[in-house]
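All remarks here apply to the structure that follows.
Computed from the coordinates by the stated procedures, all read-outs in this text should not be read as laboratory data. Model, not experiment: these values are computed from the prediction. Counting neighbours? That spans all protein chains shown, and the Cβs are built from the backbone with ideal geometry, glycine included.
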Amino acid sequence: MWDYIMVLLAVVLLAIGFIVQKIYQKGSKSSNESSIMFSIISAVCSIVVLILLNGFSFDITWYSAINAGLRALCGLLYTILGFQIMREGKVAFYMLFLMSGGMLVPAVWGWLFLDEPVKILHVLGVAVIVASIAISNSDSSRPSAKTIFKCCAVFVLNGFVSVFSKLHQVNTEFLSVGTTEYAMLGTVLSLLMSMVLLSVLVAKNKTQSELRVHFRLRTLLLVPLYSAIGTVSSLLQLEGAKNLPASVLYPMITGGTIVLTGLFALLFFGEKLSKRGWIGIVLCLLGTCLFL
């Protein structure tokens, strides 16, 4: 029961983080430099939070380092692609592929490679959630082939973020670190990757004007808040991954996040949902309940 409570709390925090991120995005540019700078500042704030939570101690093993590095690389790549897709005005398609990948890839991986039991209700729940995502975004105009390719990459990359997390948390063959240290390790590696990539882009474009927006009061307030919320949510998900099957955990996170994000967007931004949007949320709620 405690594992389910942790997951539900993680979902609530994810939805709140979405609201904070959306407020931030309204006042910043959607360039590659901006997206990477957002990742850097967020990573620094997350590291501070994790250091405090872990009592200023840190450990590392080669397995955890490789796993966290691959997870961080996937996360960085889909974040950059996400900013590009949203800049093209295809937010709905981005969310469709992002959420579907984060749910389907680890669920199928769990069934195929982790010997997780295939339950009819869980398969039905996945199908209902996928249908809800598709229905919610069916009003969007058809994107270009280039955008579809980027969305497919986001689907795979976000899926493997969850896969690597699950593999680390259930690993018994190799020496690995604890949950907080694993999260800290991944964040540090993500920060280093982001800094290298940003330096390359700045040198190529020979301008820093895009980056000044990140040192306004908006950034100093919103990014630390977003990082703290995201860090706690991530830790709760990692703890849940120790005991809950991937085919249960990630569909629950996906379905719950879609429902709460839609409701929070209506509550905080006055975003009115279409009939398809309401149908999608109801279906998503139903699909998520099939995993409880």
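What pairs in LYS22/LYS275; LYS146/LYS166; LYS119/LYS166; LYS146/LYS204; LYS119/LYS275 have C-alpha atoms more than 25 Å from each other? Spell out each step's value before the answer.
Values: LYS22/LYS275 23 Å; LYS146/LYS166 31 Å; LYS119/LYS166 19 Å; LYS146/LYS204 23 Å; LYS119/LYS275 31 Å.
Where the Cα-Cα span goes over 25 Å, the pairs concerned are LYS146/LYS166; LYS119/LYS275.
Quick check on packing: order 97-109, 6-18 by the mean number of other C-beta atoms within 10 Å, highest mean leading. Write out the running numbers ahead of the final one.
Values: 97-109: 24.0, 6-18: 20.4.
Going from most to least packed, we get 97-109, 6-18.
Normalised by the empirical 2.2 N^0.38 Å for globular proteins, what value does the Cα Rg of the chain take?
Rounded to two decimals, the normalised Rg is 0.97.
Please give the contour-minus-distance gain from TRP278 to LEU263: 0.36 nm per residue of separation, less the Cα-Cα distance, rounded to one decimal in nm.
Numbers: separation 15, 0.36 × 15 = 5.40 nm, distance 0.97 nm.
Full extension of this stretch gives 4.4 nm more.
Report the trypsin sites (Lys or Arg not before Pro) located in the range 225-292 that are in a DSSP loop and have at most 10 other Cβ atoms inside 10 Å of their Cβ, or state none. Before the final figure, lay out the partial values.
Working: sites: LYS242, LYS272, LYS275, ARG276; in loops: LYS242, LYS272.
For trypsin sites (Lys or Arg not before Pro) across the range 225-292 that sit outside H, G, I, E and B with at most 10 neighbouring Cβ atoms in 10 Å, the list reads LYS272.
What's the exposure ranking of ILE40, ILE85, ILE120, going from fewest to most Cβ atoms within 10 Å?
Result, fewest neighbours first: ILE120, ILE40, ILE85.
With θ set to phi - 60°, apply the Karplus curve 6.51 cos²θ - 1.76 cosθ + 1.60 along the range 238-244 and write out the HN-Hα couplings as whole Hz, x wherever there is a Gly or Pro.
Karplus values, whole Hz, x for Gly and Pro: 5, 5, x, 5, 5, 10, 7.
Could you work out [θ]222 nm for the chain from helices alone, using -39500 (n - 2.57) per DSSP H run of at least four and dividing by all its residues? Round to the nearest 500 deg cm²/dmol. Please list the in-between numbers first.
Numbers: 10 runs with 229 residues, N = 292.
After summing the helix terms and dividing by residue count, I get -27500 deg cm²/dmol.
Fully extended, how many nm does the chain gain between ASP115 and LYS22 (0.36 nm per residue separation, minus their Cα-Cα distance)? Kindly include the intermediate steps, with their values, before the conclusion.
Details: separation 93, 0.36 × 93 = 33.48 nm, distance 3.84 nm.
That works out to 29.6 nm of additional length.
With a 10 Å cut-off between alpha carbons and a GNM built on the chain, which of THR172, THR61, THR261 moves the most?
Maximum fluctuation in the GNM of the chain, among the listed residues, is at THR172.
With +1 assigned to the C-beta of every Lys and Arg and -1 to the C-beta of every Asp and Glu, and no other charges, what is the dipole magnitude of the range 2-289 about the Cα centre in debye, to the nearest 20? Write out the running numbers ahead of the final one.
Details: 20 positive and 12 negative charges, 247 e Å.
Roughly 1180 debye, rounded to the nearest 20.
Projecting each Cα onto the charge dipole of the range 2-289 (Lys/Arg +1, Asp/Glu -1 at the beta carbon, about the Cα centre), which of VAL105, GLY159, PHE83 comes out farthest on the positive side?
Going by the Cα projections, it comes out as PHE83.
Out of GLY230, ALA134, VAL248, whose Cα points farthest toward the positive end of the dipole of the chain (charges: +1 Lys, Arg; -1 Asp, Glu; placed on Cβ)?
ALA134
For PHE149 and VAL200 in one chain, what is 0.36 nm times their gap in residues minus the Cα-Cα distance, to one decimal in nm? Kindly include the intermediate steps, with their values, before the conclusion.
Numbers: separation 51, 0.36 × 51 = 18.36 nm, distance 2.41 nm.
In short, 15.9 nm is gained.
Between the range 54-89 and the range 97-167, what's the alpha-carbon centroid distance in Å?
Here the answer is 19 Å between Cα centres.
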